[in-house]
1. What GluC sites (Glu not before Pro) in the stretch 230-279 are in a loop by DSSP, with at most 16 other Cβ atoms within 10 Å of the Cβ?
2. Taking the Cα centre of the stretch 62-225 as origin and charging only Cβ (+1 Lys, Arg; -1 Asp, Glu), how large is the dipole, in debye to the nearest 20?
3. Please work out the FRET efficiency for the pair Ser435 and Asp396, using the Cβ-Cβ distance as r and a Förster radius of 35 Å; give the result to the nearest 0.05.
4. Test of understanding: express the Cα radius of gyration of the chain as a ratio to 2.2 N^0.38 Å, with N the residue count.
5. Evaluate the charge dipole of the stretch 178-263 about its Cα centre and quote only its size in Debye, nearest 20, assuming +1 on the Cβ of each Lys and Arg and -1 on the Cβ of each Asp and Glu.
6. Where does the charge balance sit around Ser470 when Lys and Arg score +1, Asp and Glu -1, over other residues with C-beta under 11 Å from its C-beta?
7. Could you give the alpha-carbon Rg of the stretch 92-187 over 2.2 N^0.38 Å, rounded to two decimals?
8. Could you please rank His151, His169, His77, placing first whichever residue has the fewest other Cβ atoms within 10 Å of its Cβ?
Amino acid sequence: MTGPTVDIRSAGLAAETEPLVSRLVQQRVASALAAADPTLWGTQAQHEAAKRLSWVRLPETSRPLLADIEALRRQLHADGIDRVVLAGMGGSSLAPEVICATAGMTARPGGLTVLDTTDPGQVADALAGDLERTVLVVSSKSGTTVETDSHRRVFTAAFADAGLDPARHLVAVTDPGSPLQHAAERAGYRAVITADPDVGGRYSALSAFGLVPAGLAGADVARLLDEAADVAATLAADAETNPALQLAAALASSHAGGAEKIILADTGSGIVGFADWAEQLIAESTGKQGTGLLPVVVESPAAAGFADAGGDATPTGVGPTEESAAVSVAATLGGQFLLWQHAVAIAGRLLGINPFDQPDVEAAKAATRELLDTGATDAGEPAFVDGDIAVHAPGDWLPAGTRTVDDALAALLRAAPDRGYLAVQAYLDRLADASAAVLRSELARRCAGARPGRGGLQTTFGWGPRYLHSTGQYHKGGHQNGAFLQLSGDTDEDMAVPGTTFTLGGLQLAQAAGDGHVLAQLGRPVLRLHFADRAAGLVQLVRTVQRFGRESQA
């Protein structure tokens, strides 16, 4: 097969990228990356990079896993276990979800259910499946991820309550020597699979973290490795035709021109949810030291402002919508994974940052732990209550006397800097409250009505706490020009986390409040709308947003 292509549609952008590509070729960056050279990002990053570059060899080094995955899958099926639930966050969930969704294995019975939430209702929905037929894959690089550990505790108790031996229904994927490995081996889990420790989470799509849950669900992971291997030589070539060099140069040159927002849209590639995986890779790799690239995942090329991205591709738009230049990327799924990893790592070199660390992720975790330890998960009294919505606004940005959601939301949009962005963060049920996602496009279209003479804002949407393991790094470490709209809500039934002092609902609220607190400390405007009744609250909020559009047209 031929390698993937990168088509830079703007002549102006091509003019900017050509010198960068030539420089990368002269410096032999592509071959050095393929050889896992840790010096590519400077002396300060060298120690970290030396422990994070094994992903370049995964198309070959992951092959011994294939026989183990198939043997475990046959063993599970022989015992009547064919429903796979994945407990994982960030890199441990996003790649398997894309792999299985693309193969049509997330909606059908016996496929993959991804659990990357702390919402009690969504966890209850996963528990409502046939537990006798269920295997829980507990996937955590560190082995201490609070969301994943909570899922493990909840499912272990549920298996036991159903009269099942939990160990027969549990598989662990983790780094060697992690607390999860030790606990799983002591408990006699059906399988404990260790991954290459020199692969970071967001670069782990072709490692055990991506392959084991997807393979157990029935995806053709051998083909995935073949697809990646097919493009490896192309990506390692020190040539101006190397698509990874072209894409890296496009990303870096757009940033140098002041367009740090990268719009991601699909034009019929058949790859389901790829932008969500790329979002984490880009945001966590580049969003630090006050710089970086913010991915904006949109619903369609039309929403991105692309008249015709063309063909079977996953395009990205670079810059504000009205100034966008299109870059289309066409490849198989395995090829896309490896291509984007190479390109983003090289873009990190061009931006002068270490693409393998995440220095600002711990702050939100620490704030969450403090709230849990003190029991203060109600996040304090609201500034005011309007209908079904309690309004919280940490910091001092909200004008005195504000008493309606309409006015509070308008104030948030006005507080966002010009050429900044609005991040919608929904700490809700990704299934039952799926309609919340419409707010991204509604706000993107209409928020200019609340900013007369200043234009709209690029608008992102993330499910909490899922986004904390993705764009959360950029929010704290990247360009400080964001405004943040958090959504949370009461739950019909909370769920205790066995062996802890907190509930899932308490953890969910602590994560929202903790992240909001950290953002407020950075001087960013944060508005949290808490729904006493989720359905009614969402209707009230959508009507408020739509009112902005009508008023701006009056």
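What follows draws every value from the coordinates through simple rules; no lab data is involved. None of these values were measured; they are calculated from a predicted model. With ideal geometry, Cβ positions are generated from the backbone for all residues, glycine too; neighbour counts draw on all protein chains shown.
1. Taking the stretch 230-279 and a limit of 16 other Cβ atoms within 10 Å, the loop GluC sites (Glu not before Pro) found are Glu240.
2. Its charge dipole is roughly 240 debye.
3. For R0 = 35 Å, the calculated efficiency reads 0.60.
4. Values: Rg = 22.8 Å, N = 554, 2.2 N^0.38 = 24.3 Å.
Normalised by 2.2 N^0.38 Å, the Cα Rg of the chain equals 0.94.
5. Details: 5 positive and 10 negative charges, 94 e Å.
Using Cβ point charges on Lys, Arg, Asp and Glu, the stretch 178-263 gives about 460 debye.
6. Working: positive: Arg202, Arg466; negative: Asp116, Asp276, Glu279, Glu284.
Around Ser470, the charge tally is -2.
7. 1.06
8. So the ranking, lowest neighbour count to highest, is His77, His169, His151.
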